[in-house]
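Notes for the one structure printed next.
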Amino acid sequence: MSMTTQDFWQTEPHHHEEGASTNIGFWVYLMSDCLMFAVLFATFGVLHGNYAAGPGPKDLFDLELVAVNTAMLLLSSITYGFAMLAMAQDNRAGTLRWLGITLVFGLCFLGIELYEFRHMIHEGAGPQRSAFLSAFFTLVGTHGLHVTFGSIWLVTLMVQVSKHGLIAANRRRLMCLSLFWHFLDVIWIGVFTLVYLLGMI
Amino acid sequence: MSAHTHHEDNHDHGSYRSYITGFLLSVVLTAIPFGLVMAGGFESRLLTVGVVVGCAIVQVLVHMVYFLHMNSRAEEGWTLLSTLFTVIIVVIMIAGSLWVMYHLNTNMMPQMNHDLLPEQLR
């Protein structure tokens, strides 16, 4: 019955395979990022009616443009999924092709968003105009910044994969970016619902 | 550490069918709220808001299952557990902020307290 200390406590440091905990670690990062977005959503929720006699959502937003933008991000999500399926089949050329298509959709999304921002600022509805617009630009801009960094990461991984192939490290990195990319699409669901659609009702 | 022995097989990459299913569900769940708001919404504003927010919640779940491949088995349940923890914090933070700031706005506007001010300051 007696259990020696040796048996009970693990005296040897146990070894993890390299990258074995990357997935859960990256997931925890995404959850903390989610908390940051929650703060921005809460700020927007509190300030969404403070127009300071300036323009409101109905004067500014073009739902058709937002719908196109949403389609871009959704399409980029599924093309990234196809890249992961190609990776699972050890198809390097297919992975690179789908990653390239994902990048194009991601850049289209950013282009449309920048066009929208430029249009709004040009009309005098910049972030300084009212608390509503400050909260809007912070929330939507932070999401756009995430997509920007995601796109840079995507290009980096395309270079890595074309140079070194689908090695274990690259698979791990592609898996992390996959989580990041789909996570941004989830945040965008919150943005188009709470900011654009509820603002236009 | 048996779960990590076959590291490549540990992560669920999903299948072609699951991605297409998730994509089609997302398209429908995006089209409904956009179509509804663009068409002017229902008579009752509350009903429109309810449908739009409801579609968003369902779509988030669809994305988590079909694109992020979440399930109770991944990483021995830690993925699901950390997500549930995050959801609880997010709900407390957003609902709490809105609640507190709403009451702050309605109860502490300067003009609301005019009756309480001394006569000469009115």
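Just so it is clear, none of the values below were taken in a lab; they were calculated from the coordinates. All of these numbers come straight from a predicted model, not from anything done at the bench. Ideal geometry is used to build each Cβ from the backbone, glycine not excepted, and the neighbour counts take in all protein chains shown.
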| Just one of the numbered conditions (1) within 14 Å of another protein chain (Cβ to nearest Cβ); (2) under 12 Å from the mean Cα position of the chain (by Cα) is not true of A:Ile201; which one? | (2)
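Just to be sure, is A:Leu73 within 11 Å of chain B (Cβ to nearest Cβ), in a helix (DSSP H, G or I), of a type in the set (A, V, I, L, M, F, W, C) and closer than 30 Å to B:Arg17 by Cα?
When the stated conditions are applied, A:Leu73 passes them.
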| remark: A careful count of residues in segment B:41-74 that are more than 18 Å from the chain's Cα centre (by Cα), within 10 Å of chain A (Cβ to nearest Cβ) and without any contact (Cβ under 8 Å) to a residue 24 or more places away in the chain gives 3
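Only one residue in A:Leu103, A:Leu99 is within 30 Å of B:Gly35 (Cβ to Cβ), away from chain B (no Cβ under 11 Å) and either touching a residue at least 24 places away in the same chain (Cβ under 8 Å) or aliphatic (A, V, I, L, M) (or both). Which one?
The match here is A:Leu103.
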| Somewhere in segment A:113-136, is a residue in a helix (DSSP H, G or I), within 19 Å of A:Leu35 (Cα to Cα) and not β-branched (Val, Ile, Thr)? | yes
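Condition check ((1) more than 30 Å from A:Val46 (Cα to Cα); (2) in a helix (DSSP H, G or I); (3) out of contact with any Phe, Trp or Tyr (no Cβ under 6 Å at 6 or more places or on another chain)) across all residues:
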| residue | (1), (2), (3) |
| --- | --- |
| A:Gly141 | no, yes, yes |
| A:Thr148 | no, yes, yes |
| A:Val155 | yes, yes, yes |
| A:Ser162 | yes, yes, yes |
| A:Trp181 | no, yes, no |
| A:Val191 | no, yes, yes |
| message | Which condition from (1) assigned to a helix (DSSP H, G or I); (2) away from chain B (no Cβ under 11 Å); (3) of a type outside the set (D, E, K, R); (4) over 21 Å from B:Gly35 (Cα atoms) is the one that A:Leu65 breaks? | response | (4)
| request: Give the residue, chosen from A:Ala125, A:Ala169, A:Ala131, that is farther than 24 Å from B:Thr83 by Cβ, touching a Leu at 6+ places or on another chain (Cβ under 6 Å) and surrounded by fewer than 19 Cβ atoms within 10 Å (Cβ to Cβ). | output: A:Ala131
